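Quick notes on the structure that follows.
The values are calculated or read from the model by the stated rules, or taken from the named source; none is laboratory data. This one's a predicted model, so the numbers in the text were calculated from it and none came from an experiment. Every residue, glycine among them, receives a Cβ derived from its backbone with ideal geometry; neighbour counts consider all protein chains shown. Heads up: the accessible areas ignore ligands, DNA and RNA and are worked out on the full protein's heavy atoms, side chains in. Shrake-Rupley method; radii C 1.70, N 1.55, O 1.52, S 1.80 Å.
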Amino acid sequence: MKVLLSWMREFAPDIDGDPVALGETLSALGLAVEEMSIVGEGLDGVVLAKVLELSPHPDADKIQLVQVDAGDGEPLQVCCGAFNMAVGDLVPFATIGTVMPNGMEIAQRKMRGQMSNGMCCSAIEIGMGEDADGIMILTEQADESQLGQPIADVLGVEQDVLYDLEVNANRPDAMSVAGVARDLAAALGVPFAFPDRTVERSGEDAASQAQIEIIDPVLCGRFVARILHNVIVGESPQWIQNRLIALGMRPINSVVDISNYVMLELGQPNHVFDLDTIPNGHLRVRRATEGETMVTLDGAERTLISLDGVIANGSDEAISLAGVMGGHDTEVTDSTTSVLLEMAWWDPPSISRTIKRHNLPSEASTRFRRGADWGENIDRAMDRFCELIAQTGATIAPGQIDVPGTTPQQGHSTARVSKMNSLLGTDMTAEEMVGHLSSIGFTTTAAGDDLTVTVPSWRWDALGGNAHEFESSIAEEIGRLYGYEDIPKTVPRGEETGHLTDYQKNRRAVREALLGMGCDETLPMPFLGPEDLSLVGLPDDGVRLTNPLDANESVLRTSLLPGQLKAIAYNQSHRNPSVRFFETGQVFLPPREGELLPDEREYLAVALEGAEAPEAVSVLNTLARVLALPNVKLFNVDDLPGMHPGRAAEVVIAGKARGVVGEVAPSVLRSFEVSGRVAWLQLDLGEILRGPHGKRNYRPVSKFPSSDMDLAFVVADDVGADKVRNTIAKSAGELLVDLRLVDAYRGAGLPEDSRSLAFALRLQAADRTLTDAEITATRDAVIAAVAKTNNGTLRA
Amino acid sequence: MDLDTLLQEATDAVAAAPDLESLAVVERGFLGKKGSLTAQKKLLGSLEPDARKAAGQALNDAMATVAQTATERRTTLAASAEAEQLAGERLDLTETMDELQRGRAHLVTQARDRLEDVFVGMGFTVAEGPEVESAWYNFEALNIPEWHPARGSFDTIFVELGEPEQVMLRSHTSPVQIRTMENQKPPIYIVAPGRTFRTDTADATHLPAFNQIEGLVVDRNISLGDLAGTIESFVHAFFGGEVETRLRPSYFPFTEPSAEFDISTPDGGWLELGGCGVVNPNVLANCGIDPEEWQGFAFGFGIDRLAVMRYQLDDIRELVNNDVRFLRQF
C-alpha cells in the first residue's frame, strides 16, 4: 500500500516532522516502510516543450532527430529513442543540467554524430506513472501557452512524501490512506477526523429506482446502493490522476478513477453498474448454483460453484461475481449515463475461496478478503464518491438502499489486564491500555482487571473467536502502540540442560569420521527427474510432486545415488577430478500400508570417484568402528539395483539389512555421464542409529610379550574371506588379540577357482608370557579348524 | 720394536683412520686379542720383577693412551659422518605443496551446527521432523485454515498423495513445533532446523529447497519481552556482542503478537533476519496445551541466508551444485 503524506494530512493535519522519522514511526506500528521517496523531486529542469519536427537520424535506426520548442521559440535538436510522438505534441522535456529523479544528469552530447540538447521524457522517467514505453504526451493536459513552464506546475504536482508500506494480512484498515493516517495520528498523539462531505441530491428517490434482496446474509453482511444520473464518462481531473499515478494506479476514465480514488482513500471497494442494463434496478445477492456460468468484465466465461457469491438481476441471472469482479454485460461504457453504485461487505472466507478458485486477486477483492469495514465507512465512501462524481456533472438521487445481512459479531469482549501484561512482558495499568486502544478506535472501559473492548467495524481481523484469541489480539494492538522497542528484554531459562540427542551426536560423529577420510559433504536437492530411479535400476515408485517447478525435479528421491552421480558428473564436466563425496539426507519411500505420509528415512551415502569397491568397504569398516556397530556382515549379491554385479554386497548389521556397498554398475555410470569407476556405500543411517551401537568393553592392555604368526590358506573362491576370518577368530580363542587379512593371491601355483588368503595373527595373554607349546597348540587348532570349516589348506 | 715407537705408530694410525670402520680395524690391530700392543704383554714375563713392573706400567699407559685417542677419534668421525648424512638429507620445504586431504562439511551444515550449538548453550534441545507433511501440521494446526489468505503466500509444493493439496513438502519447519507440542508436555525449549520448500524457481537468490531454523519455547508466563531477550542473547552469541536487535510488529497466523526481528548492520542500518511472536493461543490449544496455564514464543529464520550473508555469495545455487571448487573453500 502506498500513501502520500499530503493525503494523510487531509485526515490528520497535525501529522508533521521529518519524513524519515515519520517512516520509522510507521514501521514501529507494524506498517513497514519498504521504500520512501519524495514525489516531484528532480523535476526542476523539466519543462513543457512542443515537437516541431521529426526526422530520421542519418546514421542510426533506433533513434530519431526531434526539433522541440522548449518555450523560447527556438528549435532545439534532441536525439530520441522513442517514436510515439507526432509533430505538434506537447511533451515533458529535460533541459541540459537537469538531475533526473533517478540521479542521471542531462548533458549536451553527441549521439552517432548528431548533437542532442536534452531529453524528451517518458512517464516513468519523471515519476508520473509506470509507463516506460514511450514519451509522455501531454497534449490533452496542457496547452501551448505553457511552453517552457516547469512540468510540475503544468501537471499540478506538488512536492510530497510517498511511503510504500508492507501491510500485513491482519490490517484491512491499513489498506487505505485514511486508515494509515489513523494509526500514525494515534502514535503521534495528534487528532484524526474524517472531513465532512455533503452532496446535493436531486431527482427521484433512489429507493424507487432500485431494489436489493440479500438471499444469503452470511455471504453479504451489508449492501448499500445509490443511484447517479447524468454521468459523463470522460477524463478525471488532473489532481485525481496525479494521486492515482503516485499510488501506482493507471488513470482510465472519470468513473473508474473516482472508484479507485475512493477505494485508496477509504479502503472501501465499490462497483458501478450501468443502471440501464439492470431491469427495474433489481438485484439479488446469493450463492451461485453449481455449474452456473457468467461472463466477467474481462470477457472470460466463468463456471461457478455453490460456494461462489454472485449478484443476480431480477431474472436471477448472475451479473457480477460478488466482491471479486463485475460482469461484462452490466459494465459502465462511454455511453453510460445512469449508474447504480454498489458498496457492500462480503464474507472474507467466501471471497478468499473465489479469488483462489478463479485466480482473480485484485485491489478490491484483496480488501474484501482481509475484511473490509461494514460500518459508517460505507456511507462515508458513498458520500465521497458522490461528491467527486458530482464535480464532473453527475446528479445524485436522494437516499440510498441499505440492506443488512449478517454483520460480523465480536466473539468475545473482555480482556484481562494481567494476562495481557503477562503476554507482553509489561507492567501497564488498565488506564494506559485503555488510552492505547481508544486512540485507534477500540472503545474500551476498565473494571478491575477486566477491559471491555468494542472492536471497531474496520478491524474484522481483531474480532476474536474465543477468549484467549481475543486477549492475544487486543494485547497485540496495545503492544504495538506501547512500542515493541520499549518492552524490557528478559531471557527465560528452562529446567532442562540444552543438549543434542544421541542420534544427533552420532550423526555428527559419522560426519566427522567421513571428513577425516577426506570426503567432502554435498547437499543436492532431493528432487529427481522422472527417469532417474529407473536409470539406477530402482522401482519407479518415487512420490511425485503435483506442481513441480521443473519436469526434471518432479519426483522425490528414494535413493541418494542419482543425486550423487549428478554431483560427480557435474564435477567431471568442470574438470574437478577424484572427488570423494558423502551426504546424509532424507529419502522418501512410498507410504506404508495405512499411512498418508511417505516412509521418510535418513540415509548416508558415500561416493568415491575413481575408487574400487574395497575402498568403500574400508569406509564402512571405519564407520562401524566409529559407531561401535555390532556384528556387521557383508553378503556378496550379484543383482543389487544399480550395482556392479560382481562387486557389490548387502550390508547386514545385527541381523538386519541396512544398505549396500561396492561399485556402481558401468551402465548406470554411463547413463549419468560419469566416466571411470565409482565406489559406493549407502546405509539407512536412521535405522542404524536407532539400532544397537556404541557398546564398548574395556580389555586391559597386557604387560606380557606378544607373539606374531602369519598363516596363508588356500581356499575356494566361493568361500568368503570373512568366513575364514571368523573360523580363525573362533579357533584361536582368547589368546588372539589381533587378526588381519594381509594378502589375497590368485594365480600360478594355485588350483583353479581358489585363492590364497594370508592372515597375520598376534597372540598374547593378559597374565603370562606364552610358551612355545601354547603357540604351537593354537596354530594347530587354527589350521585344523580352517580345514574343517572352510575346506582350506595351509599354503606351503 | 720399542714401546715408544709402537705407541707412536698406533696413535698415528688412529689419527689417520678415515672412517669408523677403518678405525675399528686399527684399534683391533693394536688393542685386540692379537693386537701388536697386546702382544707386548707376553714379553713382560721374561723381565726382572722390578723392570717388569715398570715395563708393565708403561705398557698399560701406552694402551690406555691408544684407547683414549681412538675414542676421541671415534667421536670426531661419528660427528662428521652424521653431519655428512644430514647434509645429504637437506630438503627445501617450500617444495611441499600437498596437504593431507580432509573433507569439508557443507557450508549449510557448518552454519546449522553453529546455530544448534549456540541454542544448546542457551538451554534448547534440537527437534527434527519429516520433510513431507500433511495440511494439518503444515497449516491447520498453525491456525491457517483452508481459506486463509496466508496459505497462498507460502507457495506450497504439493505431492500426489491423499486428497489434492492435503500432502505437501513442508513450507516451514513449524510442523516440528506442532509435533513436539503434541508429544511433549511443557516446559518446551526446542529449535527445529531443517530443509523447507517453496515454489521458487532456482535463480541467483532463490532455491525451491532451502534450510530454516525455528525456535519454540512454551513455559509459564512466557512473554514478548522473553522473546526479545532470547533473540538478543542469541544474536550476541552468534554475530557478536556489538550487534543490536529490534522487533517490529508484523503478522503471522501462528503467533500473536507477531513481529519481524532485525539486526543492526555495521553501516548503521537494519537487516531483517526473520519472523517471530508469541504463540497464538489457538495453536497451543490445537496441540492440547492449555493457553491459560502456558504461554510461548516462536521464531524462525533462514540458515542458507545466513551463509549467503556471511560469505557474500553472489549465487545461492552454489549451495546445491556441489562443485568441489566451492565446497572446499569453507
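If you consider only alpha-carbon coordinates, what radius of gyration and Dmax does region B:107-327 have, in Å?
17.2, 54
For the protein assembly as shown, build the charge dipole from Cβ charges (+1 Lys, Arg; -1 Asp, Glu) around the Cα centre, then report which of A:I478, A:L597, B:L93 sits farthest towards its positive end.
Toward the positive end, the furthest listed residue is B:L93.
Straight-line reach from A:K695: which aspartates and glutamates have Cα under 18 Å away, leaving out those fewer than 8 places along the same chain?
Cα-Cα hits under 18 Å: A:D502, A:E687.
Within region A:227-312, report the GluC sites (Glu not before Pro) that DSSP leaves as loop and that have at most 16 other Cβ atoms within 10 Å.
Numbers: sites: A:E235, A:E265, A:E290, A:E292, A:E301; in loops: A:E235, A:E290, A:E292.
Counting only loop positions with at most 16 other Cβ atoms within 10 Å, the GluC sites (Glu not before Pro) in region A:227-312 are A:E235, A:E290.
Cα centroids of region A:437-453 and region B:283-320: how far apart, whole angstrom?
Between the Cα centre of region A:437-453 and that of region B:283-320, the gap is 35 Å.
List every DSSP H helix in chain A whose Cα atoms extend 20 Å or more along the helix's own long axis and whose mean Kyte-Doolittle hydropathy is at least -1.0.
Details: long enough: A:376-390 (21 Å, -0.19); A:467-482 (22 Å, -0.36); A:502-516 (21 Å, -1.18); A:613-627 (21 Å, 0.99); A:772-790 (26 Å, 0.19).
Those that pass (Cα extent of 20 Å or more, hydropathy at least -1.0) are A:376-390, A:467-482, A:613-627, A:772-790.
Using amide H atoms built 1.01 Å from N in the peptide plane, name the residues 5+ places from A:T406, or on other chains, whose amide H lies under 5 Å from its own.
A:V218, A:C220
Provide the descending list of Cα extents for the protein assembly as shown along its principal axes, expressed in whole angstroms.
Extents along the principal axes, in whole Å: 167, 76, 67.
Taking Cα centroids, how far is region A:120-189 from region A:242-286 in Å?
Region A:120-189 and region A:242-286 have Cα centres separated by 20 Å.
Charges at C-beta only: +1 for Lys and Arg, -1 for Asp and Glu. How large is the resulting dipole of the protein assembly as shown about its Cα centre, in Debye rounded to 20?
5920
Carbon and sulfur: what percent of region A:691-755's accessible surface (1.4 Å probe)? Before the final figure, lay out each step's value.
Working: 2290 of 4480 Å².
Here it works out to 51 percent.
Compare B:E95, A:E317, A:E200, A:E615 by solvent-accessible area with a 1.4 Å probe and give them largest first, with all protein chains kept in place.
Details: B:E95 135, A:E317 105, A:E200 160, A:E615 70 Å².
Reading off the accessible areas and sorting them downward yields A:E200, B:E95, A:E317, A:E615.
How big is the A/B interface in buried accessible area, both sides summed, 1.4 Å probe, to the nearest 100 Å²?
Numbers: alone 38350 and 18780 Å², together 49740 Å².
Accessible area lost upon association: around 7400 Å².
As a test of reading the structure, rank A:E521, A:E74, A:E387 by solvent-accessible area (1.4 Å probe, protein chains only), most first.
Numbers: A:E521 5, A:E74 115, A:E387 40 Å².
Sorted by accessible area, descending: A:E74, A:E387, A:E521.
What's the average, rounded to a whole number, of partner chain beta-carbon atoms within 10 Å of each residue's beta-carbon in A:462-474?
Values: counts 1, 0, 1, 1, 4, 3, 10, 7, 1, 4, 12, 4, 1.
Neighbouring Cβ atoms belonging to other protein chains average 4 per residue here.
Would you rank A:R625, A:R222, B:R310 by solvent-accessible area, highest first, keeping every protein chain in place and using a 1.4 Å probe?
Details: A:R625 185, A:R222 30, B:R310 145 Å².
Result of the area sort, largest leading: A:R625, B:R310, A:R222.
So, in Å, what gap is there between the alpha-carbon centers of region B:8-26 and region A:510-525?
63
How much solvent-accessible surface does A:D133 expose, in Å² to the nearest 10, with a 1.4 Å probe and all protein chains in place?
150
Only Lys, Arg, Asp and Glu count, each charged at its Cβ (+1, +1, -1, -1), so figure out the dipole size of chain B about its Cα centre, rounded to 20 debye.
Working: 28 positive and 52 negative charges, 283 e Å.
For chain B, the charge dipole is close to 1360 debye.
Per residue, how much accessible surface does region A:707-794 expose to a 1.4 Å probe? Answer in Å², no decimals.
For region A:707-794, the per-residue accessible area is 56 Å².
Could you work out [θ]222 nm for the protein assembly as shown from helices alone, using -39500 (n - 2.57) per DSSP H run of at least four and dividing by all its residues? Round to the nearest 500 deg cm²/dmol. Could you put the intermediate results ahead of the total?
Details: 33 runs with 359 residues, N = 1126.
Helices in the protein assembly as shown give a 222 nm mean residue ellipticity of -9500 deg cm²/dmol.
Long-range amide H contacts for B:G215: which residues qualify at under 5 Å (H placed 1.01 Å from N, peptide plane, sequence gap of 5 or more or a different chain)?
Close amide H contacts, sequence-distant or interchain: B:A192, B:F299, B:G300.
Which residues, if any, in region B:125-140 have at least 40 Å² less accessible area in the whole protein complex than in the isolated chain, probe 1.4 Å?
B:T125, B:V126, B:E128, B:E131, B:V132
Can you give the relative contact order of chain B as a percent, counting alpha carbon pairs under 8 Å and 6+ residues apart?
Values: 491 pairs, mean separation 48.6, N = 330.
Reported relative contact order: 15 percent.
Relative to the longest principal axis of the C-alpha atoms of chain B, give the angle of the C-alpha long axis of helix B:107-121, reported between 0 and 90° and rounded to the nearest 10°.
Its long axis makes an angle of about 80 degrees.
Got a number for the accessible area of B:L77? Probe 1.4 Å, square angstrom, nearest 10.
10
Need one word for region A:327-391: rounded, prolate or oblate. Basis is the Cα gyration tensor (sqrt eigenvalues a ≥ b ≥ c); a/c below 1.5 gives rounded, then a/b vs b/c decides. Write down the numbers at each step before the final one.
Working: a/c = 2.88, a/b = 1.33, b/c = 2.16.
Here region A:327-391 falls in the oblate category.
Could you tell me which of A:L341, A:A28, A:Q114 has its Cα farthest along the dipole of the protein assembly as shown towards the positive end, charges placed at Cβ (Lys, Arg +1; Asp, Glu -1), taken about the Cα centre?
The listed residue farthest towards the positive side: A:A28.
If you build the Cα gyration tensor of region A:707-794 and take the root of 5 times each eigenvalue, what three semi-axes come out, in whole angstrom, biggest first? Each step should come with its number before you reach the end.
Details: eigenvalues 123, 27, 23 Å².
For region A:707-794, the semi-axes come out at 25, 12, 11 Å.
Going by alpha carbons, how many degrees (0 to 90, nearest 10) lie between the helix axis of B:224-239 and the longest principal axis of chain B?
30
Filter the GluC sites (Glu not before Pro) in region A:566-602 to those in DSSP coil with at most 15 other Cβ atoms within 10 Å of their Cβ, and list the result.
On the way: sites: A:E583, A:E593, A:E595, A:E600, A:E602; in loops: A:E593, A:E595.
Counting only loop positions with at most 15 other Cβ atoms within 10 Å, the GluC sites (Glu not before Pro) in region A:566-602 are A:E593, A:E595.
Spin-label point model (7 Å from Cα, Cβ direction): what's the A:V87 to A:S208 distance in nm?
Rounded to a tenth, the inter-label distance reads 5.9 nm.
So which residues in region A:20-53 end up with at least 10 square angstrom less accessible surface once the other protein chains are there, compared with the chain by itself, probe 1.4 angstrom?
Residues of region A:20-53 that lose at least 10 Å² of accessible area once the other chains are added: A:S27, A:A28, A:G30, A:A32.
Within region B:9-42, list the trypsin sites (Lys or Arg not before Pro) lying in a DSSP loop whose Cβ has at most 15 other Cβ atoms in a 10 Å radius.
Numbers: sites: B:R28, B:K33, B:K34, B:K41, B:K42; in loops: B:K33, B:K34.
Answer in residue order: B:K33, B:K34.
With +1 on each Lys and Arg Cβ and -1 on each Asp and Glu Cβ, and nothing else charged, work out how big the dipole of region A:502-690 is about its Cα centre, in Debye to the nearest 20. Intermediate values should be presented prior to the final figure.
Working: 19 positive and 26 negative charges, 123 e Å.
Magnitude of the dipole: close to 600 debye.
Can you find, among A:T429, B:V66, B:G123, the residue farthest towards the positive end of the dipole of the protein assembly as shown? Put +1 on the C-beta of Lys and Arg, -1 on that of Asp and Glu.
B:V66
Mind giving me the FRET efficiency for A:F704 and A:V742? R0 is 22 Å, r the Cβ-Cβ distance, nearest 0.05 is fine. The partial results should precede the final answer.
Values: r = 24 Å, r/R0 = 1.09.
So, using R0 = 22 Å, E works out to roughly 0.35.
Roll a 1.4 Å probe over the protein heavy atoms and report the accessible area of B:F158 in Å², nearest 10.
B:F158 exposes around 30 Å² with every protein chain in place.
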